[in-house]
Amino acid sequence: MKQMIEAQRAYFKAEHTLSYAARKRALEALYRAIESNENSILDALNKDLNKSSFEAYSTEVGFVLKSISITLKHLRQWMKQKKVKTPFYHGFSKSYVRPEPKGTVLVIGPYNYPFQLSIEPLIGALAAGNTVILKPSEFTSHTEHVIHDMLEKAFDQELISVVKGGPDTTKELLEHRFDHIFFTGSKSVGKIVYQAAAKHLTPVTLELGGKSPAIVDKTAKLDVAAKRIAFGKFLNAGQTCIAPDYILVEASVKDAFIKELTTTLEQFYTMEKNNYPSIVNDKHFERIKNLIDPDKVVHGGKTHEKNRIIEPTVMDRVTFDDAIMQEEIFGPVLPVLTFERLDTLIEELKDKAAPLALYMFSESQPNIDRVFKALPFGGGAINDTVMHVANHHLPFGGVGESGFGRYHGKHSFDTFSNQKAYIRKSTKIDPPLVYPPYEKREKLVRKILK
Ligand code: NAD
């Protein structure tokens with residue numbers, strides 16, 4: 001590992017990654033590599049998570065291909081140094097911000113979108129001119145192998161190295177100094193990464209999870225809400241960091257909403273059981289299964305051990321005290337809770353950890369304003385779920401316990417860049433304002449610095 005990191009540092013120091021041409025070349029090579037390995041990637045995602053080719057292409061392969069195209073389109077512009085204003089008291093000066101690569105960065109990926117969540121940060125890191133060590137999730141081993149083989153074939157290891165392995169390998173990696181660490185995964189491992197990074201004062205991005213609510217008030221279009229919630233929740237069998245974790249529906253429309261939801265689920269999934277994504281491993285299968293309270297199930301509830309499939313499940317009459325409300329579900333089980341008054345609900349939510357996402361279904365602008373003003377969350381949507389992730393203009397990331405740092409599109413480029421800020425001063429005149437001795441200058445300085 002030491003050798004690999006040193007080789008990357010030497011490559012970076014030799015300025016091989018700095019130019020626009022080098023970055024463009026790397027991104028184009030990445031695009032070609034993904035395109036030519038598309039079948040193996042889709043096959044690996046199917047073997048790891050039983051993802052259909054529609055889900056695998058739209059949320060993983062196509063997602064990153066589009067992201068590379070967008071990055072290539074804007075890269076030259078993003079790389080340009082930008083002139084900013086300079087206060088008059090600097091005399092004849094100009095000021096600039098020049099984005100520069102950080103150096104050698106480490107990207108650690110999770111299992112749920114094992115391809116997208118490894119490659120998307122890689123795109124930003126390459127665009128910003130860094131060398132990258134990538135550690136995908138070991139849980140989705142087929143995808144891990146494909147990523148490894150694809151990138152090893154397409155790139156010099158001095159630019160991109162893929163490290164395969166689990167916690168021990170990651171811990172070993174984390175002992176080394178990096179110039180940035182980009183981690184996507186659980187809160188508990190996020191803390192391990194943050195602590196390890198602190199030893200070297202390495203900046204980090206933590207893309208974590210949590211319990212993201214979807215609020216449905218009595219003014220909401222219930223049929224539309226049901227469809228959009230069902231899509232966002234049950235996509236990838238609920239193994240989506242920004243999936244609505246639970247529903248908070250206004251009590252007076254709860255029954256009508258559940259009816260819409262169950263009708264929707266019957267239309268969406270009955271015919272496609274075999275095509276439904278599986279839970280990643282036995283441990284998570286058991287964990288999610290144990291969160292289902294049979295007495296409260298109003299739809300689904302069946303589990304198939306052989307292929308680790310849990311049918312889309314809805315639980316009614318759930319309260320914040322239920323077991324399912326004590327941790328991020330990360331599976332296809334949707335608890336429905338009710339509220340009587342929006343203001344009381346907001347006060348209750350203020351005491352909970354800030355979620356990665358929040359969704360509000362409503363036709364009432366005052367209600368939407370109230371929720372969006374009062375509650376912190378990383379990103380979200382009004383009258384939809386998960387779609388903010390697919391707009392590269394929006395900075396993606398968490399707040400509080402759901403993480404910090406932002407990426408996607410230009411935000412990825414910025415995350416992996418050092419914003420070098422400098423002032424350029426004319427030497428034609430040299431006013432003595434700040435030079436000692438200071439007698440008689442203080443009055444003037446006090447006047448200016450107000
Ligand atoms: P995880 O934290 O278990 O694993 C993530 C990575 O950390 C893996 O590569 C794994 O090998 C490594 N790792 C695991 N244990 C480790 C340890 N003890 N020391 C060092 N490294 C270790 O996460 P996961 O289970 O793969 O993913 C699910 C979690 O990720 C959920 O909480 C989900 O919400 C979150 N997530 C967040 C986002 C986001 O964008 N914010 C996206 C996807 C998933």
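The values are calculated or read from the model by the stated rules, or taken from the named source; none is laboratory data. Just so it is clear, the model here is predicted, and its values are computed rather than measured. Methodologically, a virtual Cβ is constructed for each residue, glycine included, from the backbone with ideal geometry; neighbour enumeration extends over all protein chains shown.
The selection criterion, being within 16 Å of the ligand (Cβ to nearest atom), assigned to a helix (DSSP H, G or I) and among the β-branched types (Val, Ile, Thr), does not hold for Val107. Within segment 267-319, if we keep just the residues that are farther than 24 Å from Asp48 by Cα and exposed (fewer than 13 other Cβ atoms within 10 Å of the Cβ), the residue that is nearest to the ligand (Cβ to nearest atom) turns out to be Thr319. Taking each residue of segment 221-237 that is over 16 Å from Lys51 (Cβ atoms) and looking for partners that are in a helix (DSSP H, G or I) and of a type in the set (D, E, K, R) with beta-carbon atoms closer than 7 Å, six or more apart or interchain, yields Leu222/Glu260; Asp223/Glu260; Ala226/Glu260.
Asp149 passes every criterion in (1) within 12 Å of the ligand (Cβ to nearest atom); (2) in a helix (DSSP H, G or I) apart from (1). Within segment 156-205, the residues that satisfy the criterion of being within 15 Å of the ligand (Cβ to nearest atom), surrounded by fewer than 19 Cβ atoms within 10 Å (Cβ to Cβ) and within 20 Å of Tyr11 (Cα to Cα) are Val163, His176. Of all the criteria given as (1) among the hydrophobic types (A, V, I, L, M, F, W, C); (2) crowded, with 18+ Cβ neighbours inside 10 Å; (3) modelled with pLDDT under 95, the one not satisfied by Phe88 is (2). What about Val399, is it crowded, with 16+ Cβ neighbours inside 10 Å and farther than 28 Å from Phe63 by Cα? In short, no. Listed by position, the helices (runs of 4 or more DSSP H) contained in segment 13-68 that have at least 2 residues being more than 23 Å from the chain's Cα centre (by Cα) and assigned by TED's automatic domain parsing to the domain that holds Leu117 are 20-36, 38-49. Just so you know, in segment 380-409 the residues that are assigned to a strand (DSSP E or B) and away from the ligand (no atom under 12 Å from the Cβ) include one that is farthest from Ala357 (Cα to Cα), and it is Ile382.
For segment 423-437, the count of residues that are among the hydroxyl-bearing types (Ser, Thr, Tyr) and modelled with pLDDT of 95 or more is zero. Right, Pro355: out of contact with any His (no Cβ under 6 Å at 6 or more places or on another chain) and either small (Gly, Ala, Ser) or within 16 Å of the ligand (Cβ to nearest atom) (or both) or not? Considered against the rule, which asks whether it is out of contact with any His (no Cβ under 6 Å at 6 or more places or on another chain) and either small (Gly, Ala, Ser) or within 16 Å of the ligand (Cβ to nearest atom) (or both), Pro355 comes out as yes.
Of all residues being among the aliphatic types (A, V, I, L, M) and in a helix (DSSP H, G or I) in segment 272-314, which is farthest from Ser137 (Cα to Cα)? Just the residue, please.
Leu291
Quick check: anything in segment 425-441 in contact with a His (Cβ under 6 Å, 6 or more places away or on another chain) and not basic (Lys, Arg)?
Within segment 425-441, not a single residue is in contact with a His (Cβ under 6 Å, 6 or more places away or on another chain) and not basic (Lys, Arg).
When residues in segment 113-133 are screened for being over 16 Å from the mean Cα position of the chain (by Cα) and within 12 Å of the ligand (Cβ to nearest atom), 0 of them pass. On inspection, Phe234 fails the criterion of being part of a helix (DSSP H, G or I), surrounded by fewer than 23 Cβ atoms within 10 Å (Cβ to Cβ) and of a type in the set (Phe, Trp, Tyr).
Of the set (1) assigned to a helix (DSSP H, G or I); (2) away from the ligand (no atom under 16 Å from the Cβ); (3) under 27 Å from Lys350 (Cβ atoms), all apply to Thr263 but (3). When Thr319, Thr313 are checked against the criterion of being of a type in the set (S, T, N, Q), under 26 Å from the mean Cα position of the chain (by Cα) and modelled with pLDDT of 95 or more, Thr313 stands alone in meeting it.
Checked against (1) in a loop (DSSP other than H, G, I, E, B); (2) in contact with a helix residue (DSSP H, G or I) (Cβ under 7 Å, 6 or more places away or on another chain); (3) buried (at least 20 other Cβ atoms within 10 Å of the Cβ), Pro376 passes all but condition (3). Among the residues that make up segment 375-390, is at least one of them without any contact (Cβ under 8 Å) to a residue 60 or more places away in the chain and over 18 Å from the mean Cα position of the chain (by Cα)? Yes, there is a match, as at least one residue in segment 375-390 is without any contact (Cβ under 8 Å) to a residue 60 or more places away in the chain and over 18 Å from the mean Cα position of the chain (by Cα).
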